[in-house]
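First the structure, in the form of structure tokens, and then the observations on it.
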Amino acid sequence: MRCAYSLMVHGGAGALENVKDEKTAVRYLDSIRRILEHGREVLSLGGSALQAVEQCATLLEDDPIFNAGCGSVLNEDGRVEMDAAIMDGQNLLAGAVAGVDGVANPVQLARLVMTKSEHVMLIGEGAMRFAEHCEVPRVPANYFYTEDRIAQLKEAQLRHKMMLDHDEAGDGVSEDQKYGTIGAVAFDSNGNLAAATSTGGIVNKRKGRVGDSPIVGAGVYADNETCAVSCTGYGEEFMRTVLAKTVSDFIFMQGMDASEAADAAIEYLRRRVNGRGGLIMIDNEGRCASRFTTRKMIHGWIEHAGETMLSF
Ligand code: GLY
């Protein structure tokens, strides 16, 4: 039976305080629309959910306004350490990389881990050695280190110092700096589901810190029996609640649809860890849902080959 495809992408959740004017908002939404239209073409021509999420996540990584790929934020040493994962709901195959630098598209490297290695996750130097083995081209340092990202790190470090000096509440990093991540979930015309998530992590994070994005079951999950999920938010909270798999479990064990499972998972995230962030998901009938606990989440979707929808 052929199904009408569905697709969702997100560009992160947070207060998005940097998006104060309409022009900036339009810039985000135009990018989301362009990427959804690309995904529509892939899926309408019979491409797989896996191809659609890899290509959409690649385009999101290639747009510097998002915190992934070339737009990745910097860690405490002023370095990029990116995390990404991809998962195929047909067979539960997954690939992930963590703490990588010097590649333009960590999601593509994650897919290579899935298809060309016997492992699910490779990190740091080992992941980069594998990239070399797969002849993934290296990009120069100036591909990542934009003036904006350097200024953002300095601001975060300054605020952190001020927080210690004045014992302010919070961790001194504004919301929109915290939660950037990109992701895509898709349902193809053969009824297969796939998910991908990629991020530069959190501004001023400790060297070696890994968030939820590359962790199967936390920031990403796909199973044809249930749903495909990509999360964005304060990674530690999504790891502690294993949120993406929790969404899937609500469907598997309680027979929920996308909307009910998204509600239940976000209620759990909020109640158990006061979690900050959100998720996009498509269930095994191609129904789309999104929920977030932050003020905003940049995302868009195409449900059952219908109109392109955008939300901010
Ligand atoms: N959710 C992205 C991160 O915490 O790294």
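Below are the figures for this structure:
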| item | result |
| --- | --- |
| Which listed pairs, of K23/K207; K116/K207; K205/K296, have C-alpha distances above 26 Å, in listed order | K23/K207; K116/K207 |
| Equivalent-ellipsoid semi-axes of the chain, from the Cα gyration tensor, Å, largest first | 28, 22, 18 |
| H304 versus L45: modelled label distance in nm, points set 7 Å from Cα along the beta carbon direction | 2.6 nm |
| Calculated FRET efficiency for the pair A4/E236, C-beta based, R₀ 35 Å, to 0.05 | 0.40 |
| Percent of alpha-carbon pairs separated by more than 21 Å within the stretch 1-153 | 50 percent |
| Computed over the chain: relative contact order in percent, which uses C-alpha pairs under 8 Å that are six or more apart | 27 percent |
| E125 versus N91: modelled label distance in nm, points set 7 Å from Cα along the beta carbon direction | 3.2 nm |
| Two-site FRET efficiency, T115 against E22, from Cβ-Cβ distance with R₀ of 30 Å, rounded to 0.05 | 0.10 |
| Loop-resident sites, the stretch 178-264, for GluC sites (Glu not before Pro), counting at most 15 other Cβ within 10 Å (DSSP) | E225 |
| Mean-position separation - Cα centroids, the stretch 60-86 and the stretch 181-232, in angstrom | 14 Å |
| FRET efficiency, 1/(1 + (r/R0)^6) with R0 45 Å, evaluated for E285 and N142 via beta carbons | 0.45 |
| The chain: angle of helix 22-44 to the longest principal axis, Cα-based, in degrees nearest 10 | 30 degrees |
| Extension gain (nm, one decimal) between F252 and R33, 0.36 nm per residue minus Cα-Cα | 75.7 nm |
| Likely footprinting exposure, M114, M87, M297, M82, fewest C-beta neighbours within 10 Å first | M114, M297, M82, M87 |
| Qualifying trypsin sites (Lys or Arg not before Pro) in the stretch 10-95, DSSP loop, other Cβ atoms within 10 Å at most 14 | K20 |
| At q = 0.16, 0.20, 0.23 Å⁻¹, base-10 log of I(q)/I(0) for the stretch 7-67 (Debye sum, equal scatterers on each alpha carbon) | -0.53, -0.75, -0.92 |
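Taken together, the values in this text are just the output of simple stated rules run on the coordinates, not laboratory data. Source: prediction; values computed, not measured. In this analysis, Cβ positions are derived from the backbone assuming ideal geometry, glycine residues included, and neighbour counts consider all displayed protein chains.
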